[in-house]
């Protein structure tokens, strides 16, 4: 790279992006590839640029700015995406960018294309190609692949594609007056979205041009038809117009023949209609349910869709009056027969009264009595009268073990129930059962400690 070009290079770096001391981390060079090593002057080429490390692996997080130019052909056409011959990699590029049909050389001979990192001129890459002097062709083949002749579509736009000589300018002529420009790629394929088609017949013809903008080939004319018109409702009848709640009625409409979808919507219920004869569509519906004292008018909405996808909606195309069903006179209620109350009493004897002693509490349990409403717990301290402690609903009662000395008290249980007429009665009180209420664990711990001390002392004497 000459001194003058280096000065120009750094001028771009300072003026466009400002100086930075942060170079591209991990990048070693650029792999620069042109789609052909031998082309004619003016022929378009694809350009691929990869940022790679010393192991020639792509640096996917490279986000630097590059300068692209040709030293051998300063007039060469470069990608239109460049700004002042520069391009900044984005995260989406993943360290590689491709420009299609983006580079063409004006001069013949061996031509070069350089790529430099704006932050570090030592990171660069170059591609070369042999450019032959352009030979202006006098003729070229071109044909339209799509659309097919005789096609009918339901919208006002279509994709037009074809094939001709590679990297040539192509004009698509719509209806013999509108020209749409495009370019064939390196395989000779061209494609363009054409809009604003007119209703009815449309014609397409493709023409290929040389470097002097002269037409050197024309395709055959292809005709297609556009039917973007929505289906037309010609008539609609509802039979009968007035029905009772949840009664059947018929909808019949006349429209374009061969519709792929005809539906009516009544009270948010969708019903499909069938084409019973050409252009006539019918269906039997069930009227909505209405309140017994009111009548209501319901709108009938309509949806029609043609085979080409054109759709027509009509809100409130017709209506139906649904009458309320007369309310029947109320019948005299049958006399209420009161059930005979039988005051049967159940056996409330407490059975299988047991005590389970745990570390911190004693648990008193007994068999559950079906039909009993509650159980009353009585306590008797030695030498005193029994005392009512608590009433519980389950056959279980827990007594905490508290105090500083070993202690037992006596407990008994009595069950209660209620008759069908509401009379409350009780059973016979159980026998008193002895229950531990003082701390046995402390005594056991002292016995254990004394026993342990005795054992230790015996071992000492034996030693």
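A few comments on the model shown:
- Label selected from (1) 155; (2) 476; (3) 163, the criterion being volume of the Cα convex hull per residue in Å³ as computed here: (2)
- Angle in degrees between helix 3-12 and the longest Cα principal axis of the chain, rounded to the nearest 10: 40
- Computed from Cα atoms, the angle from the helix 440-462 axis to the main principal axis of the chain rounds to 90 degrees.
- Net length gained if the chain between residue 83 and residue 286 were fully extended (0.36 nm per residue, minus Cα distance): 66.3 nm
- The coefficient of translational diffusion for segment 143-226, derived via Stokes-Einstein from the alpha carbon Kirkwood radius under 4 °C and 1.567 mPa s, stands at 101 µm²/s.
- Highest mean packing first, where packing is the average number of other Cβ atoms within 10 Å per residue, the peptides 51-57, 164-170 line up as 164-170, 51-57.
- Tail fraction, Cα-Cα pairs, segment 158-293, threshold 17 Å, whole percent: 70
- For segment 79-197: Kirkwood Rh in Å [reciprocal of mean 1/r, alpha carbons]: 17.9
- Residue-averaged [θ]222 nm for the chain, counting only DSSP H segments that reach four residues, each worth -39500 (n - 2.57): -2500 deg cm²/dmol
- Cα-only radius of gyration and Dmax that characterise segment 223-321, units Å: 15.0, 63
- Orientation-averaged projected area, Cα convex hull of segment 354-442 (nm²): 6.2
- Beta bridges per DSSP with both ends in segment 233-323, % antiparallel, nearest 5: 90
- Cα gyration tensor shape for segment 120-160, rounded if a/c is under 1.5, else prolate or oblate: oblate
- Within the chain, percent of DSSP bridges classed antiparallel, to nearest 5: 95
- Peptides 122-131, 61-70, 173-182, ordered by how many other C-beta atoms sit within 10 Å of their residues on average, highest first, read 61-70, 122-131, 173-182.
Any read-out appearing in this document is the output of simple, stated calculations on the displayed coordinates, not a laboratory observation. Given the structure is predicted, the values throughout are model-derived calculations rather than measurements. Neighbour counts are summed over all protein chains in view; Cβ atoms, including those assigned to glycine, are modelled from backbone coordinates with ideal geometry.
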